[in-house]
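Encoded as structure tokens, the structure appears first; notes follow it.
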Ligand code: 7RM
């Protein structure tokens, strides 16, 4: 595996250490916070790791169970075997909706949706309950039952939340595919989990442009007859072709006479699967990360409540698309399990103007804003005026997720958006972790721009050197997690023996969960995340495997080989740089960069399109044929003066060609 890259870590340390100011929690925030200060955090953290059984036994009451668990956990990372709240029974959708109908939350907004064009639609818990129940009945009528995989390919519309919760209600496993993915990516994700029902829309809308979701779906399943039903939301009214006997309209399905009948939520075992979400790794195809019901729900609910210091009167705005884990955990499950009001936004931060987020914050009086560093950097470039046009007085907490935030962007977020008075929670986590693992707590942590603070309760991270020893203070190394926490993945789809799971996450340092990230812990015990140390790119907060992009490029007949690396990009965090070798003796045809860009867009998604493509006659390889990505990364990043030792290359002369041809 092309895995370990200490040089990349050393480079990142330099960037992260420039801002020295400290930001203690504001007094009034502290006083009213769920976790009021460092003493409380430290004491509770100590308890959580010294007596995890007692701690989680107490915390699991944050959700409602129809049968209490017999045992808190049974976990062994060596095997790996991970089980939480064994014997407990519950339903996630019941917890996100029904249980709130008993009290005052009944008439509270659960979802506030703002469309790309600025139209607003609100669903109270009562209204959401009706929609989810109706759609659960539709799914049942289609023959869907517990354990079935149901694919949801939608953009950010309320039906996405409704469909996911309807799946959870009947015990089906949802497989949400980001609406920006191509038909080929969709097909791969449908067939990998053998899904026979797909929910999509005629079109998606983002930033004034439409996305042909139904057409992509048709293409994806054209040669995959296992899909028996496609349910189509009418979003734009664009003409789409409907296949008789397979495709039906959402609005017609939910208007059938018997659809209003109350269907009881399926009682699930704590370890029954809740959803699959495909994510990229350093090798091969994306894998379907599997999360189960009890532990995931407890973890997302508790982390949501304490990290965002959520109070019933707050409006929470997470800008992430539900197609990614952030949307699953902190748009749907965490917030709704807590009875929160969640704002969901269909569009982009810059449409129609680069003040769209700020306009939304003022219009809906948003209190908590959770977004990605790439969005902050992009908006920062348009200048402060766009922010200053709006009051933003309702905001009381800011958050970031998805990639390291550079201190400059942190300071801008803090000063310009937060007027210097709001805490920022820089939350570190992964698809595999289910919820946030390392984070400040807004009423407790003294913030350092660029640091993600300390571990959340029950989480025991370690930073290890190559040799597996604990790294010294500020030394930097591999971030691993020592014991289980309730939100951790339970496997990857199609791997019941957990062989792949073991290889991917538990083999680098046996008995420990390997995150794939580099980190260092400073003298105060604060964590500084340094980005991926494997061949996974983080482009605008989107996780992409270099291997996938390479394979998309190489799928073009004229390409014999391709190597993809990341390079520092001012807005995207990481840009995509592709080195491409064409068929022997072939001249580079005019416009070929565009052709290849289009190829990647078609095979994966527009977000995977390389920013730069350099054609070359060869790649730097060792004698055993391994591509030396270290050299390619340096060339792509413009650090050509210091390429290190190239003597082990089979043909060192390619390096000159690569340096000369640099884009
Ligand atoms: C939530 C999410 C996971 C990867 C992870 C990191 C990077 C995420 C932060 C971060 C530095 C952060 N899931 N990452 N959050 N790096 N600071 N606060 O993004 O599975 O899509 O990506 O994202 O490299 O391994 S993800």
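The set of residues in the stretch 154-178 that are assigned to a loop (DSSP other than H, G, I, E, B), surrounded by fewer than 24 Cβ atoms within 10 Å (Cβ to Cβ) and touching a helix residue (DSSP H, G or I) at 6+ places or on another chain (Cβ under 9 Å) contains only 178.
Looking across the stretch 436-449, just one residue is within 9 Å of the ligand (Cβ to nearest atom) and in a loop (DSSP other than H, G, I, E, B), and that is 436. Tell me which residues, restricted to the stretch 519-548, are within 18 Å of the chain's Cα centre (by Cα), more than 9 Å from the ligand (Cβ to nearest atom) and assigned to a strand (DSSP E or B). Listed by number, the residues that qualify are 537, 539, 544, 545. Residues in the stretch 302-318 that are touching a strand residue (DSSP E or B) at 6+ places or on another chain (Cβ under 7 Å) and assigned to a loop (DSSP other than H, G, I, E, B): 308, 309, 310, 314. Looking across 271, 244, 264, one residue alone is without any contact (Cβ under 8 Å) to a residue 12 or more places away in the chain, part of a loop (DSSP other than H, G, I, E, B) and closer than 30 Å to residue 296 by Cα. It is 264. Considering (1) within 15 Å of the ligand (Cβ to nearest atom); (2) assigned to a helix (DSSP H, G or I); (3) surrounded by fewer than 23 Cβ atoms within 10 Å (Cβ to Cβ), the lone condition that residue 282 does not fulfil carries the number (2). A count restricted to the stretch 407-421 and to residues that are closer than 17 Å to residue 370 by Cβ and either within 6 Å of the ligand (Cβ to nearest atom) or in contact (Cβ under 8 Å) with a residue 60 or more places away in the chain (or both) stands at 2. Checked against (1) within 19 Å of residue 662 (Cα to Cα); (2) outside any loop (DSSP other than H, G, I, E, B); (3) in contact (Cβ under 8 Å) with a residue 12 or more places away in the chain, residue 588 passes all but a single condition, namely (2). For the stretch 549-563, the set of residues classified as in contact (Cβ under 8 Å) with a residue 60 or more places away in the chain and either part of a strand (DSSP E or B) or at positive phi (or both) consists of 563 only.
For the criterion of being surrounded by 22 or more Cβ atoms within 10 Å (Cβ to Cβ), within 14 Å of the ligand (Cβ to nearest atom) and without any contact (Cβ under 8 Å) to a residue 60 or more places away in the chain, residue 489 fails.
Of the residues making up the stretch 463-473, none is under 24 Å from the mean Cα position of the chain (by Cα), in a loop (DSSP other than H, G, I, E, B) and at pLDDT 95 or above. Total residues in the stretch 628-656 satisfying the condition of being outside any loop (DSSP other than H, G, I, E, B) and either surrounded by 15 or more Cβ atoms within 10 Å (Cβ to Cβ) or in contact (Cβ under 8 Å) with a residue 60 or more places away in the chain (or both): the figure is 11. Listed here are the helices (runs of 4 or more DSSP H) enclosed by the stretch 319-406 that have at least 1 residues being over 24 Å from residue 62 (Cα atoms) and away from the ligand (no atom under 16 Å from the Cβ): 356-364, 373-380, 385-388. In the stretch 574-582 there is no residue that is away from the ligand (no atom under 16 Å from the Cβ) and in a loop (DSSP other than H, G, I, E, B). For the subset of the stretch 70-80 comprising residues that are surrounded by fewer than 17 Cβ atoms within 10 Å (Cβ to Cβ) and free of Cβ contacts under 8 Å to residues at least 40 places away in the same chain, which member is farthest from the chain's Cα centre (by Cα)? Only one residue tops the list, namely 70. Criterion applied to 451, 473 was being surrounded by fewer than 18 Cβ atoms within 10 Å (Cβ to Cβ) and closer than 28 Å to residue 36 by Cα, and the one residue passing it is 473. Every condition in (1) at pLDDT 95 or above; (2) touching a helix residue (DSSP H, G or I) at 6+ places or on another chain (Cβ under 9 Å); (3) farther than 15 Å from residue 41 by Cβ holds for residue 442 except the one numbered (3). Does residue 495 meet the test of being surrounded by fewer than 17 Cβ atoms within 10 Å (Cβ to Cβ), at negative phi, touching a helix residue (DSSP H, G or I) at 6+ places or on another chain (Cβ under 9 Å) and in a loop (DSSP other than H, G, I, E, B)? The answer is yes for residue 495. Residue 662 meets the conditions (1) over 17 Å from residue 576 (Cα atoms); (2) in a loop (DSSP other than H, G, I, E, B) in every case but one. The failed one is (1). Residue 506 passes every criterion in (1) surrounded by fewer than 23 Cβ atoms within 10 Å (Cβ to Cβ); (2) within 20 Å of the chain's Cα centre (by Cα); (3) within 30 Å of residue 269 (Cβ to Cβ) apart from (2).
The values are calculated or read from the model by the stated rules, or taken from the named source; none is laboratory data. All figures in this text were calculated on a predicted structure; none of them were measured in a lab. Cβ: placed from backbone, ideal geometry, glycine included. Neighbour counts: every protein chain shown.
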